[in-house]
1. Being within 25 Å of residue 114 (Cβ to Cβ), free of Cβ contacts under 8 Å to residues at least 24 places away in the same chain and surrounded by 20 or more Cβ atoms within 10 Å (Cβ to Cβ), is that true of even one residue in region 247-255?
2. Filter the strands (runs of 3 or more DSSP E) completely within region 61-154 down to those with at least 1 residues that are modelled with pLDDT under 95 and within 19 Å of residue 6 (Cα to Cα).
3. Would it be correct to say that residue 37 is within 17 Å of residue 276 (Cα to Cα) and touching a strand residue (DSSP E or B) at 6+ places or on another chain (Cβ under 7 Å)?
4. Looking at region 1-40, which of its residues are touching a residue at least 60 places away in the same chain (Cβ under 8 Å), assigned to a strand (DSSP E or B), farther than 17 Å from residue 284 by Cα and within 15 Å of the chain's Cα centre (by Cα)?
5. Which residues, counting only those in region 172-196, are more than 26 Å from residue 244 (Cβ to Cβ) and either part of a loop (DSSP other than H, G, I, E, B) or in contact (Cβ under 8 Å) with a residue 24 or more places away in the chain (or both)?
6. I need every pair where a residue in region 132-147 that is in contact (Cβ under 8 Å) with a residue 60 or more places away in the chain has its Cβ under 9 Å from the Cβ of a residue that is surrounded by fewer than 19 Cβ atoms within 10 Å (Cβ to Cβ) and in a strand (DSSP E or B), sequence separation at least 6 or different chains.
7. Consider residue 224 against the criteria (1) within 25 Å of residue 272 (Cα to Cα); (2) surrounded by fewer than 21 Cβ atoms within 10 Å (Cβ to Cβ); (3) modelled with pLDDT of 95 or more: it satisfies all of them except one. Which criterion is unmet?
8. Answer with yes or no whether residue 49 is in contact with a helix residue (DSSP H, G or I) (Cβ under 9 Å, 6 or more places away or on another chain), under 22 Å from residue 68 (Cα atoms) and either in contact (Cβ under 8 Å) with a residue 24 or more places away in the chain or part of a loop (DSSP other than H, G, I, E, B) (or both).
């Protein structure tokens, strides 16, 4: 069974590693941010190329590699709830570029990942039309990583395409294996290896809580890691009001919540590493998606 994979917008490798763990053979990866490329290079044996897909046409290069599946998460800040929503911005156009590469190369499969509210973008509708015109059946859905073995309440939108299929061809399979309960940090860690019961995660605004317990999933890991502020005001939803029991998470601990393995190497400046971790697709989430695609391939391709 052929399963050669190319990862566009690979970042530091969360999605690559998940699909590799599921059984795919990654032949090449592409990204434009050097700090993420440096981390990627440290952890994979296949080549990773620096390329600005907003400016450089790599369609022929990708075509020659003859992938069975192309995966990628076009940079999503323009769709994100974390900042202004520039639906016509340059980054948003990268979603269209991804769709056009798929249309031209025509791999048997593709997977596009993005933030959960991408459907509100007119660019997304245009990309979806390109996929449909190219003959792909589409399974698209917002998934919560905490039901896929990730100790984090992180919602991500996946668009899975297969040439010649009906829409929603993979939906029932993906739903059927979701866990009934969310993965907590304690259950994922199989004990208290963080050496704290409570930890601080800097909220998007102080209208939200910042103190979490090991007995729940964390909130979404973002690209910033700030210490517990002096004079922090307890939020009604915080899991403890005793700040002496609370500490911030280390960079390594945040990577563990993103389900990177212990031996995954992070190199570079601390702020860049934090950003790369926050941008990544959780490894176990990607592995869940990839495993269901592999199973479908075995039965149908």
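1. Checking region 247-255: at least one residue is within 25 Å of residue 114 (Cβ to Cβ), free of Cβ contacts under 8 Å to residues at least 24 places away in the same chain and surrounded by 20 or more Cβ atoms within 10 Å (Cβ to Cβ).
2. By residue number, 109-115.
3. yes
4. 8
5. Answer for region 172-196, where residues must be more than 26 Å from residue 244 (Cβ to Cβ) and either part of a loop (DSSP other than H, G, I, E, B) or in contact (Cβ under 8 Å) with a residue 24 or more places away in the chain (or both): 173, 174, 177, 178, 179, 180, 181, 182, 183, 190.
6. These pairs meet every condition: 143/155; 145/155.
7. (3)
8. no
The values are calculated or read from the model by the stated rules, or taken from the named source; none is laboratory data. Here the structure is a predicted model, which means the values were calculated and not measured. Quick reminder, even Gly has a Cβ in these numbers, built from the backbone with ideal geometry, and neighbours come from all protein chains shown.
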